[in-house]
Every structure is written in structure tokens, then in C-alpha cells.
1. Between region 84-134 and region 35-55, how many Å separate their Cα centres?
2. In region 87-140, which chymotrypsin sites (Phe, Trp or Tyr not before Pro) are in a loop and have at most 16 other Cβ atoms within 10 Å, using DSSP for the loop call?
3. Work out from phi, with θ = phi - 60° and the Karplus expression 6.51 cos²θ - 1.76 cosθ + 1.60, the ³J(HN,Hα) of each residue of region 129-140, listed in order in whole Hz, and give x for Gly and Pro.
4. At a Förster radius of 25 Å, what calculated FRET efficiency corresponds to the Cβ-Cβ distance of HIS39 and ASP59, to the nearest 0.05?
5. Please work out how much length the chain gains when fully extended from ASP98 to SER67, using 0.36 nm per residue of separation minus the C-alpha to C-alpha distance, in nm with one decimal.
6. Net charge around ASN57, counting only other residues with Cβ within less than 10 Å of its Cβ (Lys, Arg = +1; Asp, Glu = -1)?
7. R0 = 35 Å: FRET efficiency of ARG108 with GLU88, Cβ-based, nearest 0.05?
8. For the pair GLU46/GLN118, report the inter-label distance in nm, with labels modelled 7 Å from Cα in the Cβ direction.
Amino acid sequence: MKKLISILSFIFLLTPIFSQVIDDAQLFGSSRGTAFGTHEFGVVAESVVNHEFTLKNSDLIDITVVSVSIPQGVSVMIPQKVIQPNQEGKILVSVYKDYIESLDESNRFKETFSITVQEILITGIVINKTYTYQVSGKFE
């Protein structure tokens with residue numbers, strides 16, 4: 001019995017060393033982050049517009065923001081990098097008219113950015129999830 005407990009303890013302790021990283025596409029067969037949040041500013045007179053998104057952690061473990069993909073002319077600030085279970089984190093987004101590349105001839109814009117969060121399960125398996133957000137509008 002002691003040998004069995006020793007072997008199981010050894011295996012349990014080594015599990016995190018041989019852990020693997022899984023993204024949500026591998027886990028669920030496709031990316032689940034498409035259009036997680038959208039905001040239409042409408043017609044705006046300012047040269048900088050701001051919006052606040054929220055990212056809710058509905059899982060039972062902490063999630064950590066590990067990367068953000070941002071297009072030119074958009075800034076994204078995430079004050080809280082670790083979001084605890086059943087809590088929300090803020091995502092502060094600004095769009096700058098003078099620096100945005102996607103303005104068409106009528107001054108409309110549509111920009112997409114993504115945020116990748118990571119969960120580390122008790123087994124040592126790391127799961128990456130990517131959430132995609134979109135902001136759009138028209139500068140006067």
C-alpha cells in the first residue's frame with residue numbers, strides 16, 4: 001500500500017512538469033472568441049473616442065490576460081491582469097482618428113482587437129482562450 005501511495009504521489013507531483021498548453025480551438029474544435037464584444041460609436045465629432053468593455057470570468061479558477069492584439073490607432077488598457085472566478089475585469093479602449101489606418105473615404109472605421117487569457121488547471125494543463133472585440137463608427 002505504501003508503494004502505491006508513493007507511486008501515485010510521484011506521478012501527481014510530476015504532472016505539472018509535463019503539462020501541456022491547449023487553446024480553445026484544440027479543446028472545442030473551433031475558436032470561441034469571435035465577436036465577444038462589439039460597440040458602435042455612431043457619428044462622433046471628437047478625434048478620440050473611448051469605450052469600456054468588461055470581461056467576466058465565469059470559470060471556477062483565475063484567468064490571466066497573457067496577450068492583446070491591437071491594430072494601429074487603437075489603444076487597449078486592462079488594469080486588472082488576473083480576474084478571479086465570478087468577477088469582471090475592465091477593458092478600456094480608445095480609438096484615435098489621426099492614427100487609425102482603416103478610415104474609408106467617408107471616415108468610417110471598424111477595428112478588431114483580441115485578448116488572450118490563460119487558465120492553469122490543477123492538473124497543470126494550460127488553456128488559452130481568445131476573445132475578439134470590435135469597435136466601429138464614423139468620425140465627422
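1. The two parts, judged by their Cα centres, are 12 Å apart.
2. Working: sites: TYR96, TYR99, PHE109, PHE113, TYR131, TYR133, PHE139; in loops: TYR99.
Here the chymotrypsin sites (Phe, Trp or Tyr not before Pro) that fit, given the DSSP loop and packing criteria, are TYR99.
3. Along region 129-140, the couplings run 10, 10, 10, 10, 10, 9, 10, 8, x, 9, 7, 6 Hz.
4. Details: r = 24 Å, r/R0 = 0.97.
According to the calculation, E is roughly 0.55.
5. Details: separation 31, 0.36 × 31 = 11.16 nm, distance 2.51 nm.
Taking ASP98 through SER67 to full extension adds about 8.6 nm, to one decimal.
6. Working: positive: LYS56; negative: ASP59, ASP62, GLU88, GLU119.
After counting each charged neighbour, the total is -3.
7. On the way: r = 30 Å, r/R0 = 0.86.
FRET efficiency, ARG108 to GLU88: 0.70.
8. So the label points at GLU46 and GLN118 sit 3.4 nm apart.
Values quoted throughout were computed directly from the atomic coordinates according to the rules given, and no laboratory measurement underlies them. Everything numeric here is computed off the predicted structure, so don't read it as measured data. Cβ: placed from backbone, ideal geometry, glycine included. Neighbour counts: every protein chain shown.
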